[in-house]
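J.: First, the structure itself, so that you have it in front of you.
Read-outs throughout are calculated quantities, based only on the coordinates presented, and are distinct from any laboratory measurement. The structure presented is a predicted model; accordingly, all values stated were derived computationally and were not measured. Note that each Cβ is placed from the backbone with ideal geometry, even for glycine, and that neighbours are counted across all protein chains shown.
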Amino acid sequence: MRARIATVRAPCSANGLMNKLDAQRQKEIQQAEELLFAGPQALGFAKGLFQGHFVSDWVMPYPRIPAAEQSELDQTLTELRKFLSEELDAAEIDRQADIPRTVIDGLGRIGVLGMTAPKLYGGRGFSQMANCKVLEEIGRRCASTSVFVNAHHSIGIRALLLFGTHEQKQKWLPKLVTGEQLGSFALTEKEAGSDAANVQMQARPTEDGSHFILNGEKRYITNAAIAHELTVMARTPVPGSDKTAITAFLVTPDMPGFEMLEARMPKMGIRGTATGRFALRDVKVPKENILGQMGKGLKVALTVLDFGRTTFGACCTGAAKTCLELAVAHANTRKQFNKTLGNFELVKKKIARIAADAYAMEAMTMVTASFIDRGLEDYMLETAMLKVFTTERLWECINDVFQIYGGSAYFVDLPLERMLRDARINQIGEGANEVLTSFVALVGMRGPGMEFKEIYDTMMKPSRDRMSKAWAAGKNRLNATIRVPDVPVQSDQLRGHARQLGRLIRHFNFAVNRALITYREPILDMQLVQERIANAAMDLFASTCVLSRQDSEIQFARRNGDAAAPDHAAADLFLRQSFHRIRGFLAGLTDNDDKSVLATANSCLAKPRS
Ligand SMILES: Cc1cc2nc3c(=O)[nH]c(=O)nc-3n(C[C@H](O)[C@H](O)[C@H](O)COP(=O)(O)OP(=O)(O)OC[C@H]3O[C@@H](n4cnc5c(N)ncnc54)[C@H](O)[C@@H]3O)c2cc1C
């Protein structure tokens with residue numbers, strides 16, 4: 001995803017800054033706006049934060065899986081746990097750099113490979129929340145297997161599920177949802193990594209229009225060499241112009257001209273997955289294999305990735321829970337200085353942080369998955385936040401548990417070195433965290449940026465029509481600055497945290513407004529500023545999910561007559577630490593070393609060392 005999104009263009013145009021925008025920038029902004037902002041814009045939770053609102057009905061009450069589905073899910077989880085305990089050997093998968101067919105078949109039998117596909121096509125028809133619980137369980141045990149399932153089900157067959165016609169689904173899905181056939185999602189190319197819109201693979205229509213001829217190469221594609229169906233992004237001509245746009249195609253490896261260049265690229269972690277490179281050389285694909293609309297492939301890809309990022313959160317949650325179990329087990333048994341390690345405060349601190357983060361990761365995953373299940377409009381910001389937040393927290397969790405194990409963590413008889421290697425891809429795959437961080441800040445700031453634009457335009461060129469819009473925009477901006485949004489919790493003991501969260505949202509909104517007014521157009525390139533704003537927004541979202549979950553658990557216990565309040569030490573700690581971080585990010589907007597950071601980097605970049 002291109003990271004530059006228009007926010008506050010108009011105020012700067014008057015300053016002449018607009019003239020400095022090169023043609024490429026304008027093209028990027030136009031593309032991004034067409035892609036992201038076409039159609040009516042509902043105020044979702046994250047966009048609401050940037051406007052100083054707490055859109056409570058998105059996040060409260062904490063989502064629950066309906067009872068009927070929950071009992072089906074419980075049965076599936078029991079079956080899955082038994083299967084994984086008996087058949088899945090994560091260390092062996094890593095050593096052999098392969099997931100045995102018996103494991104794939106078993107997952108297929110249990111329904112994991114078609115969990116959210118409609119029953120009509122042989123799937124289990126589960127919600128995204130239930131699917132996340134399944135992925136969490138797999139993520140607890142083996143990252144290779146969870147990435148394999150994600151590549152097949154979360155993204156590989158997702159375009160078909162979301163954008164396929166009934167005929168396409170009927171033709172392809174029945175074998176894919178059982179695992180008899182496997183799916184893959186192929187976007188990345190040499191020149192199209194983070195810059196996903198820069199796909200170069202070409203798809204030229206045949207003269208009779210019945211087929212497209214595909215040419216180009218894809219790399220780093222999970223499952224490419226074992227897939228029977230690949231969702232491939234390629235450029236098609238835009239009729240009536242010399243432009244091209246991305247279109248999603250369903251390609252099968254038996255099509256003449258499909259060449260596997262490297263089936264299993266040797267790699268650091270998630271070694272069980274088959275990550276490959278392939279070329280399409282004059283591959284003739286029938287037009288019936290187009291998924292979604294011609295030229296709308298980027299939209300298809302981004303929607304697919306919304307699902308992938310949600311299950312990413314679930315897998316990271318599972319792995320974080322494993323970190324906690326491993327940390328506790330070792331801290332309770334390993335003795336040094338005549339004490340078990342768990343007696344030392346610096347070890348306790350790590351265990352507490354892992355527990356707090358695991359609680360938050362689960363809450364954030366479930367809330368985000370519920371947006372998909374409820375059919376809410378536009379949760380792209382929230383899925384991006386979830387992906388960045390959970391992958392960064394998991395990296396910290398693994399680092400902490402690694403440290404608790406000391407030298408023993410370094411040896412291959414324990415799972416920790418594998419977990420460390422496996423987790424590193426998370427911050428890079430499905431959108432590098434830097435790109436998503438910048439995206440969160442820029443898309444989030446667009447709302448208030450447009451309101452400032454309205455006000456500025458009216459001041460420059462007053463008109464009756466404009467005055468009323470500018471008045472509304474001004475009132476909105478002012479209200480958000482004055483009013484502390486209400487965070488409606490049910491439990492008395494959480495009201496203090498809820499008030500603090502409300503105050504932090506107001507503080508955040510104030511900081512966003514100030515950044516927009518201070519930096520104007522150049523903020524589009526100021527990633528150090530964007531990062532603080534995005535990080536604060538992510539922690540606000542995470543805290544909200546934690547508060548919502550904690551509130552629901554307290555209320556549930558009360559309704560069931562449980563005298564003892566549930567143990568919420570981890571949730572409480574998370575909120576405290578998250579609130580500290582938010583204050584720190586916002587303070588950093590005015591008190592920082594950015595100039596020095598940039599000067600040092602620029603000096604290094606200008607004089608590469610030999
Ligand atoms: C094991 C593995 C499995 C994968 N599976 C798939 C798959 O199934 N399907 C698929 O399509 N792709 C897949 N990928 C590709 C993956 O999505 C890309 O690697 C990822 O998008 C990053 O692209 P890149 O590697 O080209 O890095 P680059 O785009 O070259 O970026 C390198 C680094 O530069 C920085 N950076 C880049 N752009 C910006 C920016 N705008 N602002 C700030 N910093 C920036 C980031 O730190 C980034 O990590 C896989 C990759 C791996 C390693």
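J.: How do the peptides 252-259, 290-297 rank, highest first, by the average count of neighbouring beta carbon atoms within 10 Å per residue?
T.: 290-297, 252-259
J.: Can I ask one more? Report the Stokes-Einstein translational diffusion coefficient (µm² s⁻¹, integer) for region 224-304, Rh taken as the Kirkwood radius over Cα pairs, at 37 °C with viscosity 0.692 mPa s.
T.: Reported coefficient: 233 µm²/s.
J.: Right, here's the next one. May I ask you to evaluate 6.51 cos²θ - 1.76 cosθ + 1.60, the Karplus curve with θ = phi - 60°, for each residue of region 123-129 and list the ³J(HN,Hα) values in order in whole Hz, giving x for glycine and proline?
T.: Coupling constants for region 123-129: x, 8, x, 6, 6, 5, 5 Hz.
J.: I'm a student and want to see the number: the projected area of the Cα convex hull of the chain, averaged over all directions, in nm².
T.: Directional mean of the projected Cα hull area for the chain stands at 31.6 nm².
J.: Can you give me the C-alpha center-to-center distance between region 485-553 and region 139-158, rounded to a whole angstrom?
T.: 31 Å
J.: Sequence neighbours fewer than 8 away in the same chain don't count; with that in mind, list the aspartates and glutamates whose C-alpha is under 15 Å from Lys335.
T.: Cα-Cα hits under 15 Å: Glu345.
J.: Let me ask you something else. Could you give the distance between the Cα centres of region 93-110 and region 301-376, to the whole Å?
T.: 25 Å
J.: I need the fraction of alpha carbon pairs in region 393-477 separated by more than 22 Å, rounded to a whole percent.
T.: So the pairs more than 22 Å apart make up 57 percent of the total in region 393-477.
J.: Considering all projection directions equally, how large on average is the shadow of the alpha-carbon convex hull of region 460-574, in square nanometres?
T.: Dividing the Cα hull surface by four gives the mean projection, 9.9 nm².
J.: Could you run the Karplus curve 6.51 cos²θ - 1.76 cosθ + 1.60 with θ = phi - 60° over region 75-88 and give me ³J(HN,Hα) per residue in whole Hz, x for Gly and Pro?
T.: Computed from phi, the couplings for region 75-88 are 4, 5, 5, 4, 4, 5, 4, 4, 4, 5, 5, 8, 10, 9 Hz.
J.: Taking the Cα centre of the chain as origin and charging only Cβ (+1 Lys, Arg; -1 Asp, Glu), how large is the dipole, in debye to the nearest 20?
T.: 1420 debye
J.: Further question: Rounded to two decimals, what ratio of Rg to Rh does region 107-235 give with C-alpha atoms and a Kirkwood Rh?
T.: Over the Cα atoms of region 107-235, Rg/Rh equals 1.01.
J.: Nothing charged except the Cβ atoms of Lys and Arg (+1) and of Asp and Glu (-1): what's the magnitude of the dipole of region 338-386 about its Cα centre? Round to the nearest 20 debye.
T.: 600 debye
J.: What translational D, rounded to a whole number of µm²/s, comes out for region 193-337 from Stokes-Einstein when the hydrodynamic radius is the Kirkwood one over Cα pairs, at 4 °C and 1.567 mPa s?
T.: 73 µm²/s
J.: Which of Lys133/Lys287; Lys47/Lys296; Lys133/Lys169; Lys321/Lys387 have a Cα-Cα distance over 28 Å?
T.: Lys133/Lys287
J.: Over the chain, calculate the relative contact order: mean separation of alpha carbon pairs under 8 Å at least 6 apart, over the residue count, as a percent.
T.: Result for the chain is 18 percent.
J.: A further question on this structure: For region 437-484 and region 219-271, write down the distance between their C-alpha centroids in whole Å.
T.: 43 Å
J.: So which aspartates and glutamates pass the test for Lys218, namely a Cα distance under 12 Å, with those fewer than 8 places away in the same chain ruled out?
T.: Cross-link targets: Glu189, Glu191, Glu259, Glu262.
J.: To the nearest 20 Debye, how big is the dipole of region 77-157 about its Cα centre, given +1 on the beta carbon of each Lys and Arg and -1 on that of each Asp and Glu?
T.: Magnitude of the dipole: close to 320 debye.
J.: Same structure, new question: Among the lysines, which have Cα under 23 Å from the Cα of Lys339 when same-chain residues fewer than 8 positions away are ignored?
T.: Correct list for Lys339: Lys348, Lys349, Lys350.
J.: If packing is taken as the mean number of other Cβ atoms within 10 Å per residue, what is the order of 521-534, 124-137, highest first?
T.: Packing proxy ranking, top to bottom: 124-137, 521-534.
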